[in-house]
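Taking it in order: structure first as structure tokens, then the write-up.
The values are calculated or read from the model by the stated rules, or taken from the named source; none is laboratory data. This one's a predicted model, so the numbers in the text were calculated from it and none came from an experiment. Cβ placement follows ideal geometry from the backbone for every residue including glycine, while neighbour counts extend to all protein chains displayed. The accessibility values were calculated without ligands, DNA or RNA, using every heavy atom of the protein model including side chains. Shrake-Rupley method; radii C 1.70, N 1.55, O 1.52, S 1.80 Å.
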Amino acid sequence: MTPSRRQFASDNNAGVFPEVIEAMARYGSGHASGYGNDEVTARARDVVAGVFGCECVVHFAGNGTAANCLSLAAAVQPYEAVLVNEFSHLETDECNALGRFVPGAKVIPIPGEQARIRPEALSGVLQGLRPIHSSRARAVSLTNATELGTVYSPAETAGLATAAHEAGLIVHLDGARIANAIVHHGCSAADLTWKAGVDLLSFGGTKAGIAFGEAIVFFRRELARDFEYRLKQSGHLFSKMRFISAQWLGFLENNRWLERSAHANTM
């Protein structure tokens, strides 16, 4: 039987993996140190890092907007800019949250077919920025899968990252639906992230089966220096952090997150 097709927003309306609920109950009983200084959160960080098969720094935040803007705030100064596609969440759906987290920082939209940024378009925008008089470009943020449901391949990601790095930019990936992109390409999580040149990742769980909470992954570990202070000041260093991190243990167990994302793609 052909499954009934659903709109792209349905992942926001869907329920939560039963394994996630079970993990919250299993790891949430009793007493444990607060503010992320607990064994559950330490284990969850290791499990998330293991998905990418590299040494990285992992933190958790309450939602995708915070994950995007807090991670970028670690790299961007008030006089700098983040280049994004014109359909990106940073531009259209986050109420200029970056400007809240980094007062003065600017988001510069780039037109691009099917919500993707092409290296030549990035170069064209960079050439149009006037030193001192324009906000200085500091980062480029791409979304995979994009807000229109299209995807970047590992090669396309690498091509954009190479152009960005040559221009001295940090590469951020809004991975709210990265699981969907991974299973579409049949590649590894590493292939679409650090192996392709991504420096910072907002690893999405909410749109893939978690109740609340996203992971922030720093492949460039020096950018994570003092990041706990950013979490605390922004209200995202949760007292009972284990209830966020426990979800990731249930979510990533036995690759069910990828199996469910493959089903979502079919739908």
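What to note about this one:
- Ligands, DNA and RNA left out, the 1.4 Å accessible surface of the chain is 49% carbon and sulfur atoms.
- Cβ-based charge dipole, the chain, positive-most Cα from Val76, Phe203, Ser141: Val76
- For the set Lys207, Lys240, solvent exposure ranked by accessible area (probe 1.4 Å, protein chains only) runs largest to smallest as Lys240, Lys207.
- The solvent-accessible area of Tyr79, taken with every protein chain present and a 1.4 Å probe, is close to 130 Å².
- Reported value for segment 131-267: 136 Å³ per residue, from the convex hull of its C-alpha atoms.
- For the chain, size of Cβ-based charge dipole, Lys and Arg +1, Asp and Glu -1, in debye: 300 debye
- Whole-number Å³ per residue for the convex hull built on Cα positions in the chain: 122 Å³
- Seen from every direction in turn and averaged, the convex hull around the alpha carbons of segment 93-143 projects onto 4.1 nm².
- Pairwise centroid distance, computed over Cα atoms, of segment 212-226 with segment 81-142, Å: 21 Å
- Accessible area ranking (1.4 Å probe, heavy atoms, ligands and nucleic acids excluded), largest first, for Cys95, Cys69: Cys95, Cys69.
- Hydrodynamic radius of segment 79-180 per Kirkwood, over alpha carbon pairs, in Å: 13.7 Å
- MRE, 222 nm, helices only [DSSP H, n ≥ 4, -39500 (n - 2.57), over the chain, to nearest 500]: -11500 deg cm²/dmol
- Per-pair calculated FRET efficiency, R0 = 45 Å: Arg5 and Leu223 via Cβ, rounded to 0.05: 0.70
- Label-point separation, Thr266 to Gln77 (7 Å along Cα→Cβ), nm: 5.2 nm
- The eigenvalues of the Cα gyration tensor, multiplied by 5 and square-rooted, give segment 1-132 an equivalent ellipsoid with semi-axes of 34, 23, 14 Å from largest to smallest.
- Rolled with a 1.4 Å probe across the full set of protein chains, the surface gives Phe8 an accessible area near 90 Å².
- Rounded accessible area per residue of segment 1-63, 1.4 Å, Å²: 63 Å²
- Subtracting the Cα-Cα distance of Lys232 and Arg100 from their residue separation scaled by 0.36 nm leaves 46.0 nm.
- Here segment 19-150 carries DSSP beta bridges of which approximately 0% are antiparallel, counting only pairs with both residues inside.
- Ranking by accessible area, most exposed first, for Glu55, Glu222 with a 1.4 Å probe: Glu55, Glu222
- About the Cα centre, charge dipole magnitude for segment 3-130 (Lys/Arg +1, Asp/Glu -1 at Cβ), debye: 200 debye
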